[in-house]
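Heads up, the thing below is written out as structure tokens.
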Amino acid sequence: MSAPLRIGFVLEGLALGGCPLNAIDLARTLRAQGHHVVLVAVDEQPRVSVLPRAEAAGFDVVRIPAGAGLFGRARQLAAIAREHDLDVLHVFAAWLGRSAVLACGLSGRRVPVVLNWLMDNEFTTTGRTPLVVGTGGLHREAVEVHGARSYLLEPPVDLDQDHPDEVAGKGFRAELGIREDELLLVVVGRIDELPPGQEHGVAKLPGLMLAMDALLAPGAPAARLVLVGDGSGMAAVARRAAEVNRELGREGVLLTGALADPRPAYAAADVGLAMGGSALRVMAHGSPLVVLGDHGFSLAAGPDTIGQFLVDGYYGTTAPADPVAHLWTQLEPLLDTDERRGRGQWGVDLVRERYSLEAGAATLEEVYRTTLAHDDAWWERLADVGYLAARDLLGRARSLRARAAGATS
């Protein structure tokens, strides 16, 4: 039997969201299998923190100060790795990858691993660094840079926690005053905008706006839409929700804010509207899924579309001519109760077969052991450290020159 591993999971922040929740689930699963796992996070003051979920899972999160540069962050991570005698330093954000490589440095017994669950590849380290991505399409791209050190790990689902629960669903509806015969659409997730100037990444706000606008479509059924979450886009969402409700003359959109336990919301949904890890939780709860993306993208998940999602992830950016009308073409078949039931069971079966938490933890353990067994030569590790350090210093020099030129112009 292989010896237990000592693993550090490093989160890019403390905001509650799909990636940190998945990290916590994977961490406790690996711990239950006998490994020692330390949870680390860049400190921040988010609107809704993941700390309660981490503490409930039995982790005292090691917090490191925000605002550190490449070398400062590397020193922080190296100190934690030494203190906890880590074998693996696994960062859950591509931008932390360079610091992880420097932190592991020339230590032949400690390795970095980078995970990127965004919808675009970010090659921030050298090809010798193990890179884990979340979709088949991104994995094919990653192989071109990282070769055999690129791995596919689709976001896992804890099936012991996320499963159909009719009692919880009825309770959620009753609490919000939603009748059993009303069509309920549910969105669960962080309500975030992309930062100014950032063109890539998952922006949930456009999908939320589309879902609200769909309630106003001519001939649309009198559905209810519940948005569960919080984040930087909450003020904009609240304004639009109030406008939609005024136009409808009823409370069509309900905002619950972030819930410590959103499972009853998933269980209550007639149809879940989601992306990424939240899309998998919709299916795990037995609700039919319509995937939302950016630029008005929407597509119902089913046997005829699953191939696209396995390649691209549960997200999309293809812009239809009329996003609202297109969304209703995805929703219309799901107005039928039997169709919803059949599509919901299909989703449950898919998640059980492909996205179990135990399978995800097993994949990570294989990544770790394969990487540790590879035993890079000292000069290869030195070359990686030197390259990343030089690239950072060159970038700083260019930035200083640009500022100086701007100041004198």
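The values are calculated or read from the model by the stated rules, or taken from the named source; none is laboratory data. Not measured: the values here are computed from a predicted model. Cβ placement follows ideal geometry from the backbone for every residue including glycine, while neighbour counts extend to all protein chains displayed. Accessible surface is based on the protein model in full, side chains and every heavy atom, while ligands, DNA and RNA are left aside. Shrake-Rupley method; radii C 1.70, N 1.55, O 1.52, S 1.80 Å.
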Practice item. From (1) more than 17 Å from the chain's Cα centre (by Cα); (2) open to solvent by 30 Å² or more (accessible area, probe 1.4 Å); (3) of a type outside the set (A, V, I, L, M), pick out the condition that doesn't hold for Asp230. Key: (1)
Exercise for review: Return the pairs, sorted by first residue and then second, in which the second residue is open to solvent by less than 30 Å² (accessible area, probe 1.4 Å) and outside any loop (DSSP other than H, G, I, E, B), the first residue lies in segment 168-182 and is of a type outside the set (Phe, Trp, Tyr), the beta carbons are less than 6 Å apart, and the residues are 6+ apart or on different chains.
Suggested key: Ala168/Ala267; Gly169/Ala267; Gly169/Ala268; Arg173/Ala268; Leu176/Leu254; Ile178/Leu184; Ile178/Arg224; Glu182/Arg224
Review point. Within the bounds of segment 61-69, is there any residue that is in a helix (DSSP H, G or I) and open to solvent by less than 20 Å² (accessible area, probe 1.4 Å)?
Key: no
Point to revise | In segment 233-243, residue nearest to Gly177 (Cα to Cα) [restricted to those that are touching a residue at least 12 places away in the same chain (Cβ under 8 Å) and open to solvent by 10 Å² or more (accessible area, probe 1.4 Å)] | key: Ala238
Practice item. Identify the residue in segment 354-373 that is among the polar types (S, T, N, Q) and assigned to a helix (DSSP H, G or I) and, among all such residues, is least open to solvent (accessible area, probe 1.4 Å). Key: Thr371
Check your understanding: Only one of (1) open to solvent by less than 60 Å² (accessible area, probe 1.4 Å); (2) of a type in the set (A, V, I, L, M, F, W, C); (3) touching a Gly at 6+ places or on another chain (Cβ under 8 Å); (4) touching a residue at least 40 places away in the same chain (Cβ under 8 Å) is not met by Leu118, so which one is it?
Key -> (1)
Point to revise | In segment 25-57, the residues that are outside any helix (DSSP H, G or I), closer than 22 Å to Ala260 by Cβ and touching a helix residue (DSSP H, G or I) at 6+ places or on another chain (Cβ under 7 Å) | key: Leu39, Val50, Ala57
Practice item. Quick one: Ala142 ticks every box in (1) under 19 Å from the mean Cα position of the chain (by Cα); (2) at pLDDT below 95 except a single one, so which number is it? Key: (2)
Review point. Does Pro46 qualify as being modelled with pLDDT under 95, touching a Leu at 6+ places or on another chain (Cβ under 7 Å) and within 24 Å of Tyr314 (Cα to Cα)?
Key: no
Check your understanding: Just checking, how many residues over segment 154-197 are hydrophobic (A, V, I, L, M, F, W, C) and surrounded by 21 or more Cβ atoms within 10 Å (Cβ to Cβ)?
Key -> 8
Check your understanding: Would it be correct to say that Gly344 is farther than 30 Å from Ser99 by Cβ, in contact (Cβ under 8 Å) with a residue 40 or more places away in the chain and surrounded by 13 or more Cβ atoms within 10 Å (Cβ to Cβ)?
Key -> yes
Review point. With respect to Leu331, is the statement that it is in a helix (DSSP H, G or I), touching a strand residue (DSSP E or B) at 6+ places or on another chain (Cβ under 9 Å) and hydrophobic (A, V, I, L, M, F, W, C) true?
Key: yes
Review point. Just for strands (runs of 3 or more DSSP E) wholly inside segment 244-317: which have at least 3 residues that are at pLDDT 90 or above and surrounded by 24 or more Cβ atoms within 10 Å (Cβ to Cβ)?
Key: 271-274, 289-292
Check your understanding: All but one of (1) surrounded by 14 or more Cβ atoms within 10 Å (Cβ to Cβ); (2) in contact with a Lys or Arg (Cβ under 8 Å, 6 or more places away or on another chain); (3) modelled with pLDDT under 95 hold for Gly108; which doesn't?
Key -> (1)
Review point. Can you pull out the residues in segment 187-216 that are in a loop (DSSP other than H, G, I, E, B) and at pLDDT 95 or above?
Key: Leu215, Leu216
Review point. Among the residues of segment 12-19, is any hydrophobic (A, V, I, L, M, F, W, C), modelled with pLDDT of 95 or more and not in a loop (DSSP other than H, G, I, E, B)?
Key: no
Practice item. Under 7 Å between Cβ atoms, at least 6 apart or on separate chains: pull out the pairs that start in segment 12-33 with a residue that is in contact (Cβ under 8 Å) with a residue 24 or more places away in the chain and of a type in the set (Val, Ile, Thr) and end on any residue that is part of a helix (DSSP H, G or I) and open to solvent by less than 30 Å² (accessible area, probe 1.4 Å). Key: Ile24/Ala54; Thr29/Leu357; Thr29/Ala361
